[in-house]
Every structure is written in C-alpha cells, then in structure tokens.
Amino acid sequence: MSRARTALRRGGAAPLFEERFLEAFSNADGPSGWEAPVRAKVVEAVRDAVDSLEVDAMGSLVARIAPAGGRARRGPHVMLCAHMDEVGFMVTAVEKDGRLRIRKVGGIDPRILMGQVFRVGTKGIRGVAGVLPAHLLSNNDMSKVVPIEELFLDIGASSRNEALQAVSLGDLVAFDTTYESWGSVRKGKAFDDRVGCAVLASLVQKRPPVPVTAVWAVQEEIGLRGAAAAARRVSPDLAIVLEGTASGEAPGASEGESQPRMGGGPTITIQDRSLMADARLTELLQKTAKARKIPTQWKRPGVGGTDAGRIALSGAGVPAAVVSVACRYIHAPAAYLDIRDPRRVVELVWHTLEALGKEWA
Amino acid sequence: MPRSNNKSTRRSGQADWSTDEWLRHLTALPGVAGHEHALVPEIEAAFRLFADKVERDRMGNVLGWIHGSGPSPRPRALLAAHLDRIGFLVSRIERGGFIRVVPVGGFDPRTLPGKEVVVHSKQPMVAIFGTKPPHLQKKGESEKVIPIEDLYLDTGYPEAVVKRRVPIGTLVMLRQPPVGLLKSRLAAPGMDNRSGIAVLVRTLQALRDRRPAWDVIAVGTVEEEDGQICLGARTSAEALRPEIGIAIDVSHGDMPGTREGDTVPLGGGPSICMGANIHPGVFDGLRSSARALGFPYSVEVTPASSGTDAMDIQIASVGVATGVLGIPCRYMHTGVEVVAPSDVDHCAALLSHYLVGLEPQWRATEVLK
C-alpha cells in the first residue's frame, strides 16, 4: 500500500489537455458512418506524435505508441478508445419543390429540431428545419411534435433540380453550431464524444508509461460498432474508454438525478446498459484520483452505453473502464462542458496508466 | 459573452450597402417590444443616410422625413414598419442558476428547445434552452411539446453569478446569425419586421433622388408585437395626421402544408393586401404601380384584420386611407424566418413609384356636395 502510494506520486507530468483539438473536432461534422471529416482532424493532431497510424476497414483510426525509454514492453497493453461519430442525419430524398427529407442517425429527440439550422454535405450548404408558423396552426397542431419523417430542410431551392445542384442524396447533415467559450464553460456540438477524441489526442502527445493503442472509433452512436471490430484487431490487455456523458442537471432535478455534474471532475462508470466496469480498474482510477487530488464522480448507473461494453466482450474478454466528461445537452445542437473536466481526465488517465505499469498483473 | 459572429452589429448602416447587408445588420439588432430604445440609434443612423430630417417622438418611434416638392401645405404619407421583435423576459432564477422566461410576442414553443439565446444583461451572456438527452428520458416523453413555462435557459455559469448578473426582467433574444440559403435567400430571427425596416431605408434612398409632391414620413414604430394595439403606429398617426398610411410588414411565405390563399410565394415580389383594413384607392394605386413597373407581385386577401400597424393607423386621427404591403416570409416567429432580399427591393421600388406618382391634390375625404 505504502509502496504503491509512493509510486503514484513519483510519476512524470501528464501531458496537457489541448483545447484546440476539442475546438477543431467539435466544429468538424461526422455523423455515424461519415466520420472522415473528423478523422482528418484527428490525423492532423496526432500524426507526428504516434509510432504508427492506420485506418481500419470500418474507418476507425488506430494509433500505436510505445512507452518512453525503449522498445522493451513494459506493463499491460492498454487500448484507449474514443468515438469520432456524432448523432446527425442523412439526406434521404429531395422533394419536387426542392425541400430535403432527412432521416436521423443515432438517438435524437425530435423536439429539438424544429426551427434549427443544419449544415448539409461538406460544401457549406445550410438548411433550416422550417415549421408552419403559429399563426397558421390550430391549437391542436401546436401541441404536436413534428416527427423527423415529416420534417424537411429548406435550403432555399425552389425545385428538385435546383436542390440537386447543391446537395446529393446521402449527404450528411449536422447541427450548424460553432465552438465558443466563456468562463470555464465551453459550448459546441458533438462533445459526445469529441471531448473524448480530444482527451485521447492530448494523451498521445507524450510517450505513455505503458504500451498504448489509441483508437478513434466509428459508429458508436448506432450500436457501438466500430470499437467492436477495432478491439478484436488490437487485442489489448485492458481498455479505458473516454467519453462525453450526459449530466442530469436541470431545474427541479433531485440531487441524484443531477449526477454527474458539469465541472464535477472525471466521471467514472460503475455500470451502464452495456457494461459492468472492471472493478479493479475502476478502483485503480479512484485510488489514482485520490492520490492526485483529482475530484471524481460516479456516472448514474443503469443508463446509456459505450464502446466499453463491446470491447469488454471482444476476444477472450477485456477488462474495461469508462472515464467521461459530464456534458449538459448531449445529442442536441449545442452542449456545454467545463474545461477543467477534460484537463482532469487527461491527468487521471495518464497517472492511472503509470500505476498500471507498476501494479497491473 | 463570446465574440459576436456578426461583425455588422458593430458598424452602422452604410449608404452603399446591399439589401442583403441591410437585412443582416437589422436582424442582428436588439429591440424586444417595449425595449426598442436599444436599437433606436442604429435606426436613426440608417434613416439619416437618406432622409431630410430624422426625429424620435415621445413614444420612441423613429421618423425619417422626405420633404415633398409640392406646394405647401403638403399632404403627408406615413410609412410604418414596426421596430420591435419578439423575445423573452427573465422571470426567475432557479436553483442551479437556471433561468425561466416569459415570452413577449407569440413564440411557437416547439421551436425553442436547444436554441441559443442572448441574455441582455449589462454584460450580455449566451444561454441555451436546456434539453434532456434521450438517455435520461422516460418513454413517450419526446412526443410531448414542452410549454414555454417549463423551458429553461442555461448560461453554464454557477447560480451565484447568474443571480448577480441577471436581474428579473432582463431581455432575452434568440441568437442566430443570419444564414445564407440558395438563391440569396436569408434566414434569421427578426425578419419580422426588420425586413420592413429595410424597405423603409430603401424607400427613403429612392425618394431622395426622385422627390414626390407629398411629404413622406417613414416611421419605425414601437410595440406592434405586444399588447392590444399597435402602439407606435397609433400614436404616430395621431400626431402626424397623414392622408395616407401604408404599413409594411411580413406576410406568410409559401410553405408546404398550407392552404391556397394563406401564403404568398417567396421571391414572388411584395404582396399588396386588400380587405376592410385597406382603402380601395390605395390598393388600386399600389397595384397600378406594380403593373407599371412590371415587377412580380401578389395580391393578398385579408378580409377583416390585416394584423399589421395599418389596423391602428386606419382609425387614428380623422381616419386614414391605408395600404398594406407584405414581404413574403417563411416560418414566421421562429429562429429561421426566411426572406428573399429581392422581395424587399421590389417592395421598396413599388412603394417609391407609388409615392412619387401621388397627385398633389389627392385627398382621402371625398367631397360629394
């Protein structure tokens, strides 16, 4: 115990969380299956820092980085994973009058779409989700949420031909949100899971204490798919998934419902709908946090699911844990996070890797 | 508050601006009903570029005068476009620093969750209408519209900061930089009725060079969106005693799902309204101008109420001969009101053609004997 404590304290300094990665990744668009624009930004961020970099058959980005101080493999081979995709939409049809029909990719509340602005494709086309004005609606219609199948995007075209000169069927559609900051608040889209992507890109800027394979996975939001394939290829000894998770804070929410809180420090998962987190790994995260005086909080059990669920079941099984940044309003046009949280996640994960190098059997 | 996306908010209007630039500028300005003073300096600056005289009356209306070329005393034509826009007021701060608001004007609550707003505290703040992520929702929850009173704003700041910086009654406005669509169409909140203000600016610009016989007073009116009467229209018409009063406001642009007759085509030029609120002579005159110019236009039938400033202008003073011109606008009272700048241009051209053609001796009152 005392020896472990000393070891925890002695480690090298963790790399810094790079906010510019978060900004670049958040502003890039990548609904599940169309992560290429995000992947390009990640490649740009990590290319010079890692030993090898590959795009697998599904589109996930896999980087290997050996520990500092030599080729000798020290400690367990750790897979760190964050997903690149976001919830979004795809253009499924163009109406005769030039309006676009869209279908959702991932879990989205239809109530946040009416009256919103979207980016369509990658050429800077904008579309607005118009709804009939209140003046022309009966009270009955006003109390009806427009389902996504009935929603349309107005890009300004008056005919199918006009529209098809600017967009194509299958174009990706993303919320038109720009990254911004005030106080310790950061606002942007797709913090689930661009914050994890940025944490991971920051972590690999320095040679880690143990062999690491970093995976920026595809298709998490449509069934934890990219990580499943990647984990089988990487075949790690254990895995830590880095996420942006939902804070439950809202007016009137109970203390319990409000957990985890934005700004409350790294959020550690005990259990969710996809995973029983590996207890030893979770305990080590807790111990490291305590030694480093990093505040942590628990994710509310029983809700959500992450790539860790798939990774844990891959091959002969992989002990897996999840460390998240608690964000408000994920899966919505704009989310919030507290910039202190991803900084602490980088620190916590780094020092946990150090501890793993010394303690993990 | 982070840097503004819209640089034009820091620059007053310029004489050589395109209509697109005017619309981007005007829609970015504040001015929730009852609080128009926040944008009055910008409107004065805009009118001053082209008007002979610019005044602000005691209600806060902004008046831009073009002196006519006819013999004195000259009849007056009043052009009214309302300055105010719909918005919210802060009603209370909840535990956790979440803000509740009451609407000023008619919002569709369905279009608000997830939207960004500006809270106009002394140091303005950005906030979001909070939403519950699907992960935490109960089954069926996503099918229920959230009424405005159950919505809340989140600035991300802690409760203490919010309580210190955001007094009850602070104004809140949708925050959506103008979005350029295909065919030069523009989406922004506040097109109702800043596009009408743009028509006034453009009309003053045209009349400066082609002077009408009549005096023309372009009025940016206060408080159209809130309350029982169109306050600024009523008071300015009472004070000015015009012979003719023309309201310029947005009309519903064509949208799928509407009935024939409820809308006018976007990009199809201004709509010329007819109905009880409109003097047949003014309607005829406006339509003749449209025909003479060969511009596209539509006729919009508004049988009883036109729902514009003209309702109050008509009954002001000893009665005023009124007209109503509409700028087609889709998705009214949402954050994405869409207008075609060409419709604004055509509306201003039509209006100035009509005003220049007014006979010096025309009077609304017919003397029969």
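Throughout, read-outs are computed from the coordinates displayed, never taken from laboratory work. For clarity, every value in this text was computed on a predicted model and none was experimentally measured. Don't worry about glycine lacking a Cβ; one is built from the backbone with ideal geometry, like all the others, and counts go over all protein chains shown.
In debye to the nearest 20, how big a dipole does chain A give about its Cα centre with +1 on each Lys and Arg Cβ and -1 on each Asp and Glu Cβ?
Working: 47 positive and 41 negative charges, 295 e Å.
Dipole size: approximately 1420 debye.
Convert each backbone phi in region B:245-252 into a coupling constant with the Karplus relation 6.51 cos²θ - 1.76 cosθ + 1.60 (shift: θ = phi - 60°), then list the ³J(HN,Hα) values in order as whole Hz, x for Gly and Pro.
Whole-Hz 3J(HN,Hα) from phi for region B:245-252: x, 10, 8, 10, 8, 7, 10, 5.
Once phi is turned into ³J(HN,Hα) by the Karplus curve 6.51 cos²θ - 1.76 cosθ + 1.60 with θ = phi - 60°, what whole-Hz value does each residue of region B:353-369 show in order, with x for glycine and proline?
Computed from phi, the couplings for region B:353-369 are 4, 4, 5, 5, x, 5, 5, x, 9, 5, 10, 6, 7, 8, 8, 8, 8 Hz.
First check a/c for region B:1-101, with a ≥ b ≥ c the square roots of the eigenvalues of its C-alpha gyration tensor; if it is under 1.5, answer rounded, and if not, answer prolate when a/b is larger than b/c or oblate otherwise. Kindly include the intermediate steps, with their values, before the conclusion.
Values: a/c = 3.58, a/b = 1.82, b/c = 1.96.
Judged from the Cα gyration tensor, region B:1-101 comes out oblate (a/c at least 1.5, b/c at or above a/b).
Which lysines have a Cα less than 21 Å from the Cα of A:K358, not counting those fewer than 8 places away in the same chain?
Straight-distance partners of A:K358: A:K206, A:K287, A:K290, A:K293.
Quick one: how many lysine pairs does chain B have with C-alpha atoms less than 29 Å apart and a gap of 8 or more or different chains? Give me the count, please.
Number of lysine pairs found: 13.
Mind jotting down a quarter of the surface of the convex hull over the alpha carbons of chain A, in square nanometres, one decimal? Before the final figure, lay out the partial values.
Values: hull surface 78.3 nm².
Projected area, direction-averaged: 19.6 nm².
Using a 10 angstrom Cβ neighbour count of at most 11 plus a DSSP loop assignment to flag exposed trypsin sites (Lys or Arg not before Pro), which longest range of chain A is free of such sites?
Working: sites that count: A:R47, A:R71, A:R73, A:K96, A:K123, A:K293.
No qualifying site falls inside A:124-292, the longest such stretch.
If neighbour count is taken as other Cβ atoms inside 10 Å, put A:T177, B:T221 in order from fewest to most. Working shown, then result.
On the way: A:T177 23, B:T221 33.
Ascending Cβ contact count within 10 Å gives the list A:T177, B:T221.
Across 10 Å bins from the origin, how do the percents of Cα pairs in region A:88-175 run, short distances first?
So the P(r) values, bin by bin, are 18, 51, 26, 5.
Cα gyration tensor of region B:205-357, axes a ≥ b ≥ c as square roots of the eigenvalues: rounded (a/c below 1.5), prolate (a/b > b/c) or oblate?
Numbers: a/c = 1.59, a/b = 1.16, b/c = 1.38.
Oblate, since a/c reaches 1.5 and b/c is not below a/b.
So what is the relative contact order for region A:243-357, in percent, with contacts set as C-alpha pairs under 8 Å and at least six apart?
Details: 208 pairs, mean separation 42.1, N = 115.
RCO, region A:243-357: 37 percent.
Between rounded, prolate and oblate, where does region B:270-369 land on the alpha carbon gyration tensor, with a ≥ b ≥ c its root eigenvalues, rounded for a/c under 1.5, else prolate if a/b exceeds b/c? Don't skip to the end; give the middle numbers.
Working: a/c = 2.38, a/b = 1.39, b/c = 1.71.
It comes out oblate by the Cα gyration axes.
Whole angstrom only: what separates the Cα centroid of region A:175-208 from the Cα centroid of region B:127-177?
22
Amide H to amide H under 5 Å from B:Y152: which residues, 5+ apart in sequence or cross-chain, H placed 1.01 Å off N in plane?
Correct list: B:G130.
Please average, across the residues of A:322-335, the number of beta carbons from any other chain that are within 10 Å of each residue's own beta carbon, and give a whole number. Write out the running numbers ahead of the final one.
Numbers: counts 0, 0, 0, 0, 0, 1, 7, 9, 5, 6, 10, 7, 7, 4.
Mean shielding by partner chains, rounded to a whole number: 4.
Per residue of region A:22-32, in order, report the coupling 6.51 cos²θ - 1.76 cosθ + 1.60 (Karplus, θ = phi - 60°) as ³J(HN,Hα) in whole Hz, putting x for Gly and Pro.
Running phi through 6.51 cos²θ - 1.76 cosθ + 1.60 with θ = phi - 60° gives 4, 4, 5, 5, 5, 6, 7, 9, x, x, 3 Hz.
In whole angstrom, how far apart do the alpha carbon centroids of region B:251-274 and region A:286-361 sit?
54
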